[in-house]
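Nothing in this text is a laboratory measurement; each read-out follows from the coordinates by a stated rule. Small disclaimer: the values here were computed from a predicted structure and weren't measured. We place every Cβ from the backbone using ideal geometry, glycine too, and count neighbours over all the protein chains shown.
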């Protein structure tokens, strides 16, 4: 195995000025499947590609609700994400309890960044192996932040993290000028197009592997308001499985594709079909999205 | 109103003429000696009044801090602004009030510092009130109360409406268009309600008092309090909080009339 | 000798009563009343909106009834600061439950949780009487009542607070049919099957009567109605079927929607 005399603890710089443990933590983020975030003047959305570790496994959730006005997409170690998102929930609730105020989005992101930073400086600790895209809305409007294990938090108009996220970044960079004034539907379509670009050839977005989170006023055309009071109130909501159907169809329509998706995809989801059946069916026809590249050890990853 | 404890043989001091500091030692121990809890207020302020009007809210309090029945400090300001659109009017223990000022000022400075990087609006009157309520309730639950009754007045910039609420040493909270602490709750509150309801109606959906009308009602109420509350002084301030911000008046006095007293037996020159 | 044997009483004689220990009292009583009645497929939870201390009305609008989730409503009565803070903690626990389980907590689980939370402060209790109402997992209307330290039971109805002694006997008679005899040959009375319109009338009558005879009850009435999933709300929304003076408003779903529905019915009560 590759040895590096400066990587065994995170408090020692290499002569090149690197903290190798931090760099490795950033690699862990890149191993996770892609997550994309973008925002307009009115909305912020997250789009993620879910993986399953095998045909018999469920798809790992990548979107976590923190509060009515904040949610995150994760890439990297799921268990680290659980610790950090739990901390964020505590911070969010603390603000509501003590001040009766929804915590400003930038401040809750900074709070986990500060936490992550101490992990890069104290002996005997390890950096978190997970990166977040955080969306939220507060009195200054909708926001999108990236949190990374190096302890940084930056705000973006659009951003992507995780495996093959560079392709998505390329899409976002060429199109981001139109995001500011985009409608929710347009914003999601851009997001799905960017997410699509992270897929390997012959893979496609499906009900099973795509999940979308939205913050901002709802759009009854693409969202099922009868099944989400969060959507009615403009709060953080997640659409996945059958719930993401309308969004995917609208996207395919916008690109002039067959609304039902690529040929071999199953027909319309049957209402009585269990989520698991749908998933394993999906999994069998396109097993690889979750399958790790040969030789990678991803037991802890989403 | 802020009752001082009676000494052990309570035939003395039925009129609260002097406060009796009683440090209770050995109740609980700590590395730095016994923990000091406020068992009683010492230097106290009396009533605070609050009233909503058409463009905001007014809060009034006199300038006296009493030491028992002694009118000890006669130029104390009991109205304290917090940020641009919030103001506290504080009755009760003045040292707890000073501590409270220090804590809240520090908190607001911290908020301002954070706002430099994210431009997020500072704490609203409601936010400050919520914090204060939690603080008072937490301290009462530790049997170490912050010995005050506080009116929080403010202007909510987002909702574009005035804010007025009460919190005290028990953590009791409430809001109403007219509020008063201590003796004011008995002597002034009826006058405030009467004036408020005369225009707004009992459901409060009619027109509110104008600034001039509101100030007149407060002036009248402060006069009544000066006449009947032995722990008050004829020198008070009125704070006005509107969309434009907080303004605190200079100290002023009521015109009082004592001629009637000369005819009273036992008051004037007569000896019999 | 005898002449001087008794020195002036007030200086030397031991006080005949033990010295009054002056200690901070962390409790207060803020009056008001609450009540809940369970129906077959609905539950009604009500409370007045007056908050008082002694003879003073602190505010004419302070809520005592709180919507917890789509199937549960909690009414609190007693020391208002304890009430609001207790509800705050309950809601906090419910939110963590939803984070963990992605569904709202069921009614009977909330009831058990409230018991443990109340008993957790057995030796510094929340001075609050709680009544929990809502829809059970099987779709039936339910009422749970608690004492301040957590004893609880499921009932068909319960009144609590300042006017409990006025309301409960009336409810015993009207809901449990106590002291009533079915006509010869007719069916036996079974509690908990009254139609919503009858229950609403009983609630309104309970509070208007309590307002007449109890000084701490009045100002406003808030009645929450929780309905079983899929039940028609026509009997509540049809103005003609409703007693005059009642205003109905549907509170939107908090969770997924298309489940239980909650309505808030308001009425004014006398203010004297």
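Quick notes on this structure:
- Pairs of Cα atoms in the stretch A:14-126 fall into 10 Å distance bins, from 0 up to the last occupied one, in shares of 11, 36, 34, 16, 2 percent.
- Per residue, the convex hull spanned by the Cα atoms of the stretch C:98-160 amounts to 82 cubic angstrom.
- Compactness of chain C as Cα Rg over 2.2 N^0.38 Å, two decimals: 1.23
- Relative contact order (%) - chain A, alpha-carbon pairs under 8 angstrom, separation at least six: 24
- Helical content of chain C, expressed as a calculated mean residue ellipticity at 222 nm, amounts to -8000 deg cm²/dmol (DSSP H runs of 4 or more residues, -39,500 (n - 2.57) each, divided by residue number, nearest 500).
- Binning the alpha carbon pair distances of chain A at 10 angstrom intervals from zero yields the distribution 6, 28, 35, 22, 8, 1, 0, expressed in whole percent.
- The ranking of B:53, A:132, B:226 from fewest to most other beta carbons within 10 Å of each one's beta carbon is B:226, B:53, A:132.
- Binned Cα-Cα distance frequencies in the protein assembly as shown - 20 Å width, integer %: 13, 36, 34, 14, 3, 0, 0
- Average beta-carbon neighbours from other chains, 10 Å sphere, peptide B:131-140: 3
- Centre separation in Å (Cα based) which lies between the stretch A:153-182 and the stretch C:214-257: 48
- The mean of 1/r over all pairs of different alpha-carbon atoms in the stretch C:132-235, once inverted, gives a Kirkwood hydrodynamic radius of 15.5 Å.
- Taking Cα atoms only, the orientation of helix C:196-213 departs from the longest principal axis of chain C by about 20 degrees.
- Peptide A:226-232 is shielded by partner chain Cβ atoms: per residue, an average of 4 of them sit within 10 Å of its Cβ.
- Burial ordering of B:93, A:224, fewest other beta-carbon atoms within 10 Å first: A:224, B:93
- For peptide C:54-62, the mean count of partner chain Cβ atoms within 10 Å of a residue's Cβ comes to 5.
- The Cα center of the stretch A:1-67 and the Cα center of the stretch B:91-159 differ in position by 40 Å.
- Packing-based order for B:199-206, B:78-85, A:228-235, using average beta carbon neighbours within 10 Å, highest first: B:78-85, A:228-235, B:199-206
- Diffusion coefficient, µm² s⁻¹, Stokes-Einstein with Kirkwood Rh over alpha-carbon pairs of the stretch C:32-129 at 25 °C and 0.890 mPa s: 168
- The stretch A:164-250: Cα Rg divided by the 2.2 N^0.38 Å rule of thumb: 1.11
- Relative contact order, percent, chain C [alpha-carbon distance under 8 Å, six or more residues apart]: 23
- Between the stretch B:164-239 and the stretch A:223-251, the alpha-carbon center distance in angstrom: 50
- Value at 222 nm in deg cm²/dmol, rounded to 500, when DSSP H runs of n ≥ 4 in chain A each add -39,500 (n - 2.57): -10000 deg cm²/dmol
- Mean separation of Cα contacts under 8 Å, 6 or more apart, over the residue count of the stretch C:67-138: relative contact order %: 52
- Order of C:123, B:196 - criterion: other Cβ atoms within 10 Å of each residue's Cβ, fewest first: C:123, B:196
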